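K.L.:
Provided herewith is a single structure, encoded as structure tokens, for subsequent inquiry.
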Amino acid sequence: MNKFYLLLLFGKLGFAQLSVFGDVYITDNQTLSIHVPATHFHEGVIHTDADQSGSVLFLPDNHGLDAHHGSHIAAKVSSLNTADFTFPTGDQGVYQPLRIEQGSAGELTATFEYQAFPGSTSPPGVERVSDRFYWTTQGDKSGRLWLSWNSFSELNSLTDELAALVMLGHTGSGWEVIPAKLAPFALDGATPSSLDQGAISSLEVLNFNRFEAFTLGSVSLATTLNISEGFSPNGDGINDSWYIENIERSPQARIWVYNRWGEEVFYSPGNYNNNWDGTYKNNTTKLPAASYLYRIDQNNNGSIEHEGWIYISY
């Protein structure tokens, strides 16, 4: 076993921090409790036996910082009563963290496995489930979930389009898709998300006791537009804007809307995000209830691929 040491430092204000140098082994069913606010990973892995019975517990408001492929925790990682926490998890020399935000009180334990989830099959609507990695979680806690990936994750085996990635949670009986959105940056906050490195976050707070594992999958990206024939922007929260299904797959699409006299009342030069609420040229004046002609150049090549009528009602 490699030599190691843990260096305990005190700052000017008396706050202690822990630094990890070299491999640290936790014996069977034992727990290393972290009582200092900051633990810095420099080199070496904190690990345990093959079945990962050892664990590391971060007490309230204590965090692990600067973890990387060469220094992380290849064991169970628990966080107690901390709302926002990045689990410095890894396995087989691969660092792949999991993060929670807006967490409730209580304890959550996570491990990372650099292998396929046992008996993994794709749920309906999902083309592929990763056979490279997954996380397990245990604990009666809720929070928003962030999953990460890196070059070792080999996402190109799932898809060649970043937008096709989905977050999956295993309930014990099978995988299910968790509504999520791609993060603009990886968990380091600086690297733009790509198939080589990035992050995805759940849209809502999750109850972790519903799930036993998480991973990533991919879906087929449909590009055919399904254009709503009407909407009612009356502010009741139901059908208040003009919805075009799959328009996010064609960010370059240009959209025009005209009244019955041929006057342009709405124009989108691209990146339409289904938010037009019937205002005249995006000001505060609402258009009257009536039928309006739309024209869509989906590929921004000067050709109108979609044309028809929509009805605004109140």
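K.L.:
Taking the Cβ of residue 157 as the center, what net charge do the other residues with Cβ under 11 Å away carry, scoring Lys and Arg +1 and Asp and Glu -1?
P.N.:
Value of the local net charge: -1.
K.L.:
With point charges of +1 on the Cβ of Lys and Arg and -1 on the Cβ of Asp and Glu, referenced to the Cα centre of segment 5-218, which listed residue (126, 16, 93) lies farthest in the positive direction of the dipole?
P.N.:
Comparing the listed Cα positions along the dipole, 16 ranks first.
K.L.:
Over segment 226-312, what is the relative contact order in whole percent, taking alpha-carbon pairs under 8 Å and six or more residues apart?
P.N.:
29
K.L.:
Let me ask you something else. Cut-off 17 Å, label point 7 angstrom out along Cα-to-Cβ of residue 241: give me the residues of segment 264-286 whose amide nitrogen falls inside.
P.N.:
266-286
K.L.:
For the residues 136, 224, 89, 31, what sequence is obtained by ranking on other C-beta atoms within 10 Å, fewest first?
P.N.:
Lowest to highest Cβ neighbour count: 224, 31, 136, 89.
K.L.:
Would you kindly state how much longer the chain becomes between residue 43 and residue 25 on full extension, computed as 0.36 nm times their sequence separation minus their alpha carbon distance, in nm to one decimal?
P.N.:
Length difference between fully extended and current span is 5.1 nm.
K.L.:
Provide, for q = 0.14 Å⁻¹, the log10 of I(q)/I(0) from a solvent-free Debye sum over equal Cα point scatterers in the chain.
P.N.:
For the requested q values the scattering log ratios are -1.03.
K.L.:
Could you line up 263, 161 from fewest to most neighbouring Cβ atoms inside 10 Å?
P.N.:
Neighbour counts put them in this order, fewest first: 263, 161.
K.L.:
State, as an integer percentage, the relative contact order of segment 130-188 based on alpha-carbon contacts under 8 Å between residues 6 or more apart.
P.N.:
Value for segment 130-188: 26 percent.
K.L.:
Another one. Quick one: if the Förster radius is 25 Å, what FRET efficiency do residue 161 and residue 275 give, using the C-beta to C-beta distance and rounding to 0.05?
P.N.:
Calculated value: 0.60.
K.L.:
Next question, about the same structure. Fewest to most neighbouring Cβ within 10 Å: what's the order for 211, 112?
P.N.:
Ranking 211, 112 by Cβ neighbours within 10 Å, fewest first, gives 211, 112.
K.L.:
Could you calculate the FRET efficiency of residue 307 with residue 122 from 1/(1 + (r/R0)^6), where r is the beta carbon distance between them and R0 is 35 Å, rounded to 0.05?
P.N.:
0.40
K.L.:
Considering the zone a paramagnetic label at residue 69 would reach in this model (a point 7 Å from Cα along the Cα-to-Cβ line), which residues of segment 38-61 have amide N under 18 Å from it?
P.N.:
Backbone N within reach: 41-46.
K.L.:
Given +1 on the Cβ of Lys and Arg, -1 on the Cβ of Asp and Glu, and no further charges, what dipole in debye does the chain carry about its Cα centre, rounded to the nearest 20?
P.N.:
With only Lys, Arg, Asp and Glu charged at Cβ, the dipole is about 500 debye.
K.L.:
Starting from 0.36 nm per residue, how many nanometres of slack lie between residue 33 and residue 107 once their C-alpha separation is accounted for?
P.N.:
Net length gain for the segment: 25.3 nm.
K.L.:
Relative contact order of the chain, please, whole-number percent, based on alpha carbon pairs below 8 angstrom and at least 6 residues apart.
P.N.:
Rounded, it is 10 percent for the chain.
K.L.:
With charges only on Cβ, +1 for K and R and -1 for D and E, what is the dipole size of segment 136-287 about its Cα centre, in debye, rounded to 20?
P.N.:
I would put it at about 260 debye.
K.L.:
Let me ask something else about it. Dividing the alpha-carbon radius of gyration of segment 186-309 by 2.2 N^0.38 Å (N being the number of residues), what value is obtained?
P.N.:
1.36
K.L.:
May I ask for the Kirkwood hydrodynamic radius of segment 111-237, worked out over all distinct Cα pairs and given in angstroms to one decimal?
P.N.:
Answer for segment 111-237: a Kirkwood hydrodynamic radius of 15.8 Å.
Readers should treat all values here as calculations from the given coordinates under stated rules, not as data from a laboratory. On a predicted model such as this, the values are computed, not experimentally measured, just so you know. Positions of Cβ are generated from backbone atoms using ideal geometry, with glycine treated the same way; all protein chains shown enter the neighbour counts.
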